[in-house]
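All remarks here apply to the structure that follows.
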Amino acid sequence: MSIFGNEDIEEVVPTRRVVKNSLGIDLGTLNTVIAKPSGDKFDLYQIPSVVSVKKDDPTAVLAVGEEAKKMLGRTPEDIIAVRPLKKGVIENIAQAQALLIRAMEIGIKEGETVGRIVIGIPGDSSEVEKNAAEEIGRKAGAESVLVISEGLAAAIGAGLPIAEPNGTMVIDIGAGSTDLVVISLGGINDIETVRFGGDDVDQRIVDLIAEKENVAISIHDAEAAKIEVGKVHCSAEFENLTYEVMGKSMETNRPKKVVIDSNLVADAVEPIIQEVVAGLNIILERLPPELMRGIYTNTVAVGGSSRLKGLKERIFDESDIPIQISEDPMTVVAKGTAIVAAEPLALEPEVRLKAMK
Ligand SMILES: Nc1ncnc2c1ncn2[C@@H]1O[C@H](COP(=O)(O)OP(=O)(O)OP(=O)(O)O)[C@@H](O)[C@H]1O
Ligand SMILES: [Mg+2]
């Protein structure tokens with residue numbers, strides 16, 4: 001019997017254990033990513049973090065993921081589609097549990113049991129939020145559940161040298177929130193969470209178009225424009241691209257085309273990027289000088305919003321810290337959780353304890 005209470009363990013070499021049916025899950029505000037270790041690779045799955053519920057009973061979940069997303073805007077009035085997480089934090093336990101069960105169904109074949117799951121949650125989560133995530137995992141049928149900080153998971157997934165004393169930093173810019181996490185000696189040295197992310201950028205685009213053009217556009221079109229032509233104001237030059245969407249004139253209620261360009265998206269991003277920079281300044285103020293070299297050489301940005309053009313340049317303009325943008329920004333947290341799920345020794349005992357603190 002292992003310390004995780006899991007019988008399903010194969011001895012590969014005396015000091016390394018591999019658990020069958022382990023899963024890593026990144027419960028995100030917008031996307032839930034499931035990573036299943038498969039040899040030295042991962043099978044990756046993604047579902048929208050959306051459930052549909054009865055309006056008068058938000059715990060009665062009717063559909064999850066893609067199915068729930070399809071119901072958006074098309075449901076009878078007594079059914080609504082909602083997100084179980086808000087700003088990176090579990091808001092409704094019953095809904096998050098339904099999402100996690102669906103994630104486990106996707107990752108594990110029918111009839112098989114789920115051994116260990118590792119769930120990534122925001123690093124500044126309270127004890128109550130951590131316990132809620134663990135409880136949800138156990139209720140969803142996992143034999144053992146480990147909850148680790150998304151920042152630490154991202155660092156492991158990105159292959160950063162987390163165990164070294166020099167320090168390394170992850171900047172995770174997601175949909176609902178941004179985590180800045182300093183890691184050294186395998187534990188979290190410092191963390192700052194800014195409750196702003198890509199969702200706020202989308203809303204700002206909608207607001208700016210309403211203000212400037214008197215046209216109402218959908219948040220989905222705003223997001224599409226951001227992804228297609230978005231950038232961040234910075235010292236480097238990027239081509240000003242354009243993206244056309246169909247909105248509704250607020251004067252005439254008639255269809256009206258509007259053009260969204262890179263500069264407008266950069267204006268929409270500006271207050272959010274300023275919050276991220278403020279968070280980074282707080283981290284740098286508290287940073288022990290011993291960790292400066294590690295941060296200088298090993299800072300990685302992850303999360304879907306790290307794909308915005310000019311982000312790297314802007315962070316350097318503001319902080320003199322060169323950052324790398326992850327090549328797989330939206331799956332790296334799930335990969336890190338899957339590495340820990342398959343190979344708990346990826347987190348040495350003392351590291352694991354720190355990860356859970
Ligand atoms: N190419 C792109 N350019 C800009 N933003 C992008 C791009 N691709 C995805 N995004 C944005 O990334 C965000 C989703 O990222 P991610 O999947 O990391 O979030 P999440 O993990 O669900 O959220 P959180 O970590 O805040 O809970 C969305 O706001 C999406 O619009
Ligand atoms: Mg995330």
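Return the residues of the stretch 303-334 that are closer than 14 Å to residue 31 by Cβ and away from ligand 2 (no atom under 12 Å from the Cβ); say none if nothing qualifies.
307, 328
Considering only the stretch 281-305, state which residues are under 18 Å from the mean Cα position of the chain (by Cα) and away from ligand 1 (no atom under 16 Å from the Cβ).
Result: 299, single match.
Go through the stretch 135-194 and count every residue that is within 12 Å of ligand 2 (Cβ to nearest atom), hydroxyl-bearing (Ser, Thr, Tyr) and not assigned by TED's automatic domain parsing to the domain that holds residue 23.
Counting residues in the stretch 135-194 that are within 12 Å of ligand 2 (Cβ to nearest atom), hydroxyl-bearing (Ser, Thr, Tyr) and not assigned by TED's automatic domain parsing to the domain that holds residue 23 gives 3.
Within the stretch 171-186, how many residues turn out to be more than 10 Å from ligand 1 (Cβ to nearest atom) and buried (at least 21 other Cβ atoms within 10 Å of the Cβ)?
Going through the stretch 171-186 one residue at a time, the tally reaches 7.
What number goes with the only condition from (1) assigned to a helix (DSSP H, G or I); (2) crowded, with 19+ Cβ neighbours inside 10 Å; (3) in the same structural domain as residue 183 (by TED's automatic domain parsing) that residue 318 does not pass?
Every listed condition holds for residue 318 apart from (2).
Looking at the stretch 111-128, is at least one residue at pLDDT below 90, in contact with a Leu (Cβ under 6 Å, 6 or more places away or on another chain) and either within 13 Å of ligand 1 (Cβ to nearest atom) or closer than 18 Å to residue 21 by Cβ (or both)?
For the stretch 111-128, residues at pLDDT below 90, in contact with a Leu (Cβ under 6 Å, 6 or more places away or on another chain) and either within 13 Å of ligand 1 (Cβ to nearest atom) or closer than 18 Å to residue 21 by Cβ (or both): absent.
Give the residues of the stretch 86-110 that are in a loop (DSSP other than H, G, I, E, B) and either crowded, with 24+ Cβ neighbours inside 10 Å or away from ligand 1 (no atom under 16 Å from the Cβ) (or both), sorted by residue number.
Correct list: 88, 108, 109, 110.
I'm checking my understanding of the structure. Among residues of the stretch 251-274 that are polar (S, T, N, Q) and part of a helix (DSSP H, G or I), which one is surrounded by the most Cβ atoms within 10 Å (Cβ to Cβ)?
262
The values are calculated or read from the model by the stated rules, or taken from the named source; none is laboratory data. A quick note: this is a predicted structure, and the numbers were derived from the prediction, not measured. Neighbour counts run over all protein chains shown; Cβ positions are idealised from the backbone, glycine included.
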